[in-house]
Amino acid sequence: MKDAVRIRRLTVPSEGEVRGLAAVLIDCVLDGASVSFMSPLSLDRAVAFWRSVAPQLADGRRALLVAEDAQGVVGTVQLVFDLPENQPHRADLSKMLVHRRARRRGVGEALLRAAEDLAREHGKWLLVLDTASADAERLYARAGWIRVGVVPGFALWPEGGLCDTTFFYRRLEPKPS
């Protein structure tokens with residue numbers, strides 16, 4: 001990464017961290033990212049979303065990684081571990097978000113690698129994700145993720161209108177020692 005960006009795991013986000021995460025979410029929705037929210041996304045709604053995630057972080061059903069630079073939170077990604085009992089080997093990668101001011105600096109790649117490492121630490125060797133972003137598709141393909149296919153009209157863009165969603169998976173190899 002060109003500028004110093006630190007990746008760390010949050011288990012009990014502070015109010016400041018929640019607000020930083022909310023700012024990243026709002027920025028991504030304003031930029032047209034189809035990440036479960038419609039535009040305009042209010043600060044109250046974004047903060048409420050991150051607060052709703054917090055109990056799952058505390059009890060291990062979900063992991064949250066953040067990327068921070070000198071100005072605060074610039075990116076995030078989640079691993080969802082709370083899956084059916086017949087899927088103990090896998091996790092879902094969710095809400096990979098990078099603020100526009102930090103794009104093209106390697107933040108997404110660093111978050112992705114950190115999430116893969118964390119999944120390995122938790123004994124997960126299969127990850128699954130979906131995306132409606134062509135930029136994200138290129139990142140995932142470069143990182144070794146396998147494109148499964150596209151579901152037309154899977155979700156809505158933040159401003160309305162159906163968007164297609166592409167699904168990917170990645171089998172994790174043990175990290176070289």
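The values are calculated or read from the model by the stated rules, or taken from the named source; none is laboratory data. Only a predicted model underlies this, so the values are computations on that prediction, with no experimental measurement involved. Here the Cβ is made from the backbone with ideal geometry for all residues, glycine too, and neighbour counts use every protein chain on show.
Name the one entry in 174, 152, 84, 88 that is at pLDDT below 95 and not in a helix (DSSP H, G or I).
It is 174.
Have a look at 25, 57, 65 and point out the one that is part of a helix (DSSP H, G or I), within 13 Å of the chain's Cα centre (by Cα), touching a residue at least 12 places away in the same chain (Cβ under 8 Å) and surrounded by 13 or more Cβ atoms within 10 Å (Cβ to Cβ).
25
Kindly provide the set of residues from the stretch 145-158 that are touching a residue at least 24 places away in the same chain (Cβ under 8 Å) and exposed (fewer than 12 other Cβ atoms within 10 Å of the Cβ), ordered by number.
Within the stretch 145-158, 146 is the sole residue that qualifies.
Need the failing condition index for residue 45 against (1) in a helix (DSSP H, G or I); (2) loosely packed, with under 13 Cβ neighbours inside 10 Å, just the number.
(2)
All but one of (1) loosely packed, with under 13 Cβ neighbours inside 10 Å; (2) under 25 Å from residue 113 (Cβ atoms) hold for residue 161; which doesn't?
Of the numbered conditions (1) loosely packed, with under 13 Cβ neighbours inside 10 Å; (2) under 25 Å from residue 113 (Cβ atoms), the odd one out for residue 161 is (2).
Read through the list (1) touching a helix residue (DSSP H, G or I) at 6+ places or on another chain (Cβ under 9 Å); (2) touching a residue at least 60 places away in the same chain (Cβ under 8 Å), then give the number of the only condition that residue 78 fails.
Of everything listed in (1) touching a helix residue (DSSP H, G or I) at 6+ places or on another chain (Cβ under 9 Å); (2) touching a residue at least 60 places away in the same chain (Cβ under 8 Å), residue 78 misses just condition (2).
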